[in-house]
Amino acid sequence: MNRIKQKLSEDKKILSIYFTAGYPKLDDTVQIIQDLEKSGVDLIEIGLPFSDPLADGPTIQESSTAALKNGMHSELLFEQIKDIRKSVSIPLILMGYFNPVLQYGVEKFCQKCEKIGIDGLILPDLPLDVYQEEYEALFKKHGLINVFLITPQTSDERIKAIDDASEGFIYMVSSASTTGAKSGFGQEQSAYFERIANMNLKNPQIVGFGISNAETFNQATEKAKGAIIGSAFIKHLTENGVDSIGGFVRQIR
Amino acid sequence: MSYHADEKGYYGEFGGAFIPEMLYPNCEELRQNYIQIMEEPSFKEEFQQLLKDYVGRPTPLYFAKRLSEKYNTKIYLKREDLCHTGAHKVNNTIGQILMAKKLGKNRIIAETGAGQHGVATATVCALMGIQCVVYMGEIDIARQAPNVARMKMLGAEVRAAKSGSKTLKDATNEAIRDWINNPVDTHYIIGSVVGPHPYPDMVARFQSVISEEIKRQLMENEGRENPDYVVACVGGGSNAAGAFYHYLDTPEVGIIAVEAAGKGIHSGESAATSALGKVGIIHGSKTLLMQTPDGQITEPYSISAGLDYPGVGPMHAHLYKSGRGEFISITDDEAMKAGLELCKLEGIIPAIESSHALAIFEDRKFKKDDVVVVNLSGRGDKDLQNYIDYFNL
Ligand SMILES: Cc1ncc(COP(=O)(O)O)c(C=O)c1O
């Protein structure tokens, strides 16, 4: 069974952490993954940096620019993590924009992911209809779960279509915004979390965008299956490097 | 075969809407409504009225006698340089501000490179009394000070894009991010035939007034609607889309798109997307774009800020790939020379963007009785400093 599905079937709240590959230093990738697993994180999203990350706020933009400057690229990332399954068993998701995947060759990219032991992909600018028409069969052939996003503006009808097309979890964007830690969640978010919970979707939801500490993690997972931390972790890496990852995770739960 | 967009916004293999879910509701709202709104009599009437009384349309189709003699063919200039604000850009911003009003939006955002589209957007926002935020790369703000001042005088807020390479593509990213953060009350006025569906088609329709007028005016001048060739410069491709629009499916009219070669196609400092680009995704559209083998978007270069974009609109990618369009690239030096020549021969100071289209006559020869329409997309006032520096005036 796919590692993501296995993890989701456990009776616990999921803590997922995003980081940008190649940041802060080019060769930090493997250590970050290993330390996150050791610290008890449930799921890891490895960000493939892109020159024009238009759904991201300043923190992830800057980490992407720095990672590219450090020399990160798709082939190098695959090279860095080619033996990762010898040391970790945590579910791994690659997250990035579609253009670098397209240039690598979508089929070749999927083959590579399968070979390494990547479990899923999040490609925010690969739209649902194009995925279904052109890539679904390919992703499935290589055992890759494709994760779709929903936002507070997504209609019920479209959420149902996305639920039908999903098979791992739904990435629930917490508010109408780009990525980046905010001060907390208000009534609007509670109403949205409630609305989605009441839809009784077949896929569990994991909340992302704006989760930065124990408080926001707990708020987000009150109704949802889990939550994703990105920008707050990147900020931690910027300030502390890769030496105190366990400390960061323990602050969350 | 049609060279127009299909209902999903594809031109052949190019176009579509490769956008994150956060943008889906905004783009979908626009997609579902744009054609219907554009066809409403009240919309048409207000649009036509403003184009006539405010923009100053129809712009003349001028037979350039001395230029024609020099190049031994019949050259007509479509005078978009005489539009209010000095370029064709305002045709689109008038259309989109009316669209925004129909959709009930009360805040406008836009991106700008040289500042022409920013000025055209700030202008229509002032006209309608709507709040306006223009994103502009930090580097462009420094090198286009007069247009920054114009936008401010017109009441717009100019926000610096400080991410990535701090130029047009980053200003576009910032505008898109703003739209993600303000999905309900805000309309994004894109400045060219780029971006996710329905933008390329919508902007092309607003600019199509250019070729609609050319047809009528050519009939008066030459007794026929169709020229042998239409020529236009391509940055994102909106003035070209407007000039080509009503001729796209008329194969006897030759279509010539002119790109900026900068310091030479293979100099590493160029914006000749058709020659250097590969199929990929930029700003939500599948099209030709300049990028590294790894799929990172690269920074283009041209002396003309308006042609300094690393992609082209999907319509033009399709015209190139299908062979329907002839693509020519023109260097900085060739364009500057052609710009000065138009001043001397016809008493018209062109925008440097438009000078690229004029520069093709040096090498691309036409028959003596060929009718060649060049879209003169803008006037050169904004480029005066560039001309001064280049020619040591
Ligand atoms: C005068 C003029 N021509 C052409 C362009 C290029 O844009 P497009 O290719 O969309 O017509 C610009 C852009 O700023 C412009 O100002």
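Residue-wise test of (1) surrounded by fewer than 24 Cβ atoms within 10 Å (Cβ to Cβ); (2) of a type in the set (Gly, Ala, Ser).
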| site | (1), (2) |
| --- | --- |
| B:LYS65 | yes, no |
| B:ALA114 | no, yes |
| B:HIS117 | no, no |
| B:THR121 | no, no |
| B:CYS125 | no, no |
| B:GLY129 | yes, yes |
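When residues in region A:85-119 are screened for being away from chain B (no Cβ under 14 Å), among the small types (Gly, Ala, Ser) and under 16 Å from A:PHE19 (Cβ atoms), 0 of them pass.
Residues that are among the β-branched types (Val, Ile, Thr) and open to solvent by 10 Å² or more (accessible area, probe 1.4 Å) within region A:20-40 comprise just one, A:VAL30. The set of residues in region B:349-378 that are in a loop (DSSP other than H, G, I, E, B), within 13 Å of the ligand (Cβ to nearest atom) and open to solvent by 10 Å² or more (accessible area, probe 1.4 Å) contains only B:ILE349.
In this structure, does B:ALA257 turn out to be more than 14 Å from every other protein chain (Cβ to nearest Cβ), under 29 Å from A:VAL106 (Cα atoms) and open to solvent by less than 50 Å² (accessible area, probe 1.4 Å)? Here the answer is no, as B:ALA257 does not meet what is asked. Working only within region B:175-206, note down all residues that are part of a loop (DSSP other than H, G, I, E, B), more than 16 Å from the ligand (Cβ to nearest atom) and more than 10 Å from every other protein chain (Cβ to nearest Cβ). The answer is B:ASP185, B:HIS197, B:PRO198.
If you go through region B:107-151 and pick out every residue that is among the charged types (D, E, K, R), more than 16 Å from the ligand (Cβ to nearest atom) and part of a helix (DSSP H, G or I), you end up with 1. Screening the candidates B:TYR34, B:TYR54 for the property of being closer than 27 Å to B:ILE282 by Cα and part of a helix (DSSP H, G or I) yields one hit, B:TYR34.
Just wondering, is there one or more residues in region A:107-115 that are more than 18 Å from the chain's Cα centre (by Cα) and not charged (D, E, K, R)? Yes, region A:107-115 has at least one match. Checked against the criterion of being part of a strand (DSSP E or B), open to solvent by less than 40 Å² (accessible area, probe 1.4 Å) and more than 14 Å from chain B (Cβ to nearest Cβ), the candidates A:ALA197, A:ALA227 yield just one match: A:ALA227. Pairing each residue of region A:137-155 that is away from chain B (no Cβ under 13 Å) with any residue that is buried (at least 21 other Cβ atoms within 10 Å of the Cβ) and part of a loop (DSSP other than H, G, I, E, B), provided the two are 6+ apart or on different chains, yields C-beta distances under 6 Å for A:ILE145/A:GLY168. Selection within region B:290-315: residues that are more than 8 Å from chain A (Cβ to nearest Cβ) and outside any loop (DSSP other than H, G, I, E, B). The member of this set that is nearest to B:VAL234 (Cα to Cα) is B:LEU307.
Any idea which of A:LEU8, A:LEU48, A:LEU26, A:LEU15 is more than 29 Å from A:ASN203 (Cβ to Cβ) and either within 14 Å of chain B (Cβ to nearest Cβ) or out of contact with any Leu (no Cβ under 7 Å at 6 or more places or on another chain) (or both)? Just one listed residue meets the conditions, A:LEU26. Tell me whether region A:187-194 contains one or more residues that are buried (at least 21 other Cβ atoms within 10 Å of the Cβ) and either more than 18 Å from B:TYR24 (Cβ to Cβ) or in contact (Cβ under 8 Å) with a residue 40 or more places away in the chain (or both). Within region A:187-194, one or more residues are buried (at least 21 other Cβ atoms within 10 Å of the Cβ) and either more than 18 Å from B:TYR24 (Cβ to Cβ) or in contact (Cβ under 8 Å) with a residue 40 or more places away in the chain (or both). Against the definition (crowded, with 19+ Cβ neighbours inside 10 Å and either away from the ligand (no atom under 16 Å from the Cβ) or within 16 Å of B:GLN291 (Cα to Cα) (or both)), how does B:SER274 come out, yes or no? Yes; evaluated as a whole, the condition is true for this residue. Being in contact with an Asp or Glu (Cβ under 8 Å, 6 or more places away or on another chain), touching a residue at least 12 places away in the same chain (Cβ under 8 Å) and in the same structural domain as B:SER304 (by TED's automatic domain parsing) is not true of B:SER322.
Within this structure, B:LEU77 fails the test of being aliphatic (A, V, I, L, M), in contact with a Gly (Cβ under 7 Å, 6 or more places away or on another chain) and within 16 Å of the ligand (Cβ to nearest atom). Residues that are in contact (Cβ under 8 Å) with a residue 12 or more places away in the chain and surrounded by fewer than 19 Cβ atoms within 10 Å (Cβ to Cβ) are absent from region B:284-296.
Taking the options B:GLY95, B:GLY104, name whichever one is assigned by TED's automatic domain parsing to the domain that holds B:TYR199, away from the ligand (no atom under 16 Å from the Cβ) and within 19 Å of B:MET202 (Cβ to Cβ). When all the criteria are applied, what remains is B:GLY104.
The values are calculated or read from the model by the stated rules, or taken from the named source; none is laboratory data. Please read all numbers here as calculations on a predicted model, not as lab measurements. Cβ coordinates were reconstructed from backbone atoms using ideal geometry, including for glycine residues, and neighbour counts include every protein chain displayed. These accessible areas exclude ligands, DNA and RNA; they are computed on the full protein's heavy atoms, side chains included. Shrake-Rupley method; radii C 1.70, N 1.55, O 1.52, S 1.80 Å.
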